[in-house]
1. With respect to ALA108, is the statement that it is closer than 30 Å to LYS15 by Cα, touching a residue at least 24 places away in the same chain (Cβ under 8 Å), of a type in the set (A, V, I, L, M) and open to solvent by 70 Å² or more (accessible area, probe 1.4 Å) true?
2. Taking the options ARG80, ARG40, ARG17, name whichever one is assigned to a helix (DSSP H, G or I), more than 27 Å from VAL100 (Cβ to Cβ) and not hydrophobic (A, V, I, L, M, F, W, C).
3. So ALA23 ticks every box in (1) open to solvent by less than 70 Å² (accessible area, probe 1.4 Å); (2) in contact with a helix residue (DSSP H, G or I) (Cβ under 6 Å, 6 or more places away or on another chain) but one. Which box is left unticked?
Amino acid sequence: RLVKVAMDPKEFQEKQRRLHELASKAASMQRYIVSLDERRQSNRMALRSIDKEEGKKKLWLTSGDIFVRSTAEEARESMRKDSQAVDEELAVTRGELLKVQAAMEEEA
């Protein structure tokens, strides 16, 4: 059952603008979550690779555009710290996304 509600055209436009803004923000946050998840997966793969290279004392790692030689233990610790930071950022971003989605529900 549909109920007609009279709404001022300017009010309607403003509501649509807010919904569009919230939807854009939600889509952006979802893309960011995907990129963080890809980074987390990459860290997992790197940790497994480091674990397979147990006999080696030094490893070559990439950090952006540079190569760094590091011990396996230093590499593991670096990956663990990065993974923890990514997990924390994912939790925060997912919480913010839930708030944006709730705001969209209220606007609709």
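The values are calculated or read from the model by the stated rules, or taken from the named source; none is laboratory data. All values derive from a computational prediction rather than experimental measurement. So basically every Cβ, Gly included, is an ideal-geometry build from the backbone, and we count neighbours across all protein chains shown. These accessible areas exclude ligands, DNA and RNA; they are computed on the full protein's heavy atoms, side chains included. Shrake-Rupley method; radii C 1.70, N 1.55, O 1.52, S 1.80 Å.
1. Numbers: closer than 30 Å to LYS15 by Cα: yes; touching a residue at least 24 places away in the same chain (Cβ under 8 Å): yes; of a type in the set (A, V, I, L, M): yes; open to solvent by 70 Å² or more (accessible area, probe 1.4 Å): yes.
So ALA108 passes the test.
2. ARG80
3. Here ALA23 clears every test but (2).
The rows are residues; the columns are (1) surrounded by 11 or more Cβ atoms within 10 Å (Cβ to Cβ); (2) touching a Lys or Arg at 6+ places or on another chain (Cβ under 9 Å); (3) touching a residue at least 12 places away in the same chain (Cβ under 8 Å).
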residue	(1), (2), (3)
SER28	yes, no, no
ASP37	yes, no, yes
ARG40	yes, no, yes
ASN43	yes, yes, yes
SER49	yes, no, no
GLY55	no, no, no
THR62	no, no, no
GLU74	yes, no, no
MET79	yes, yes, yes
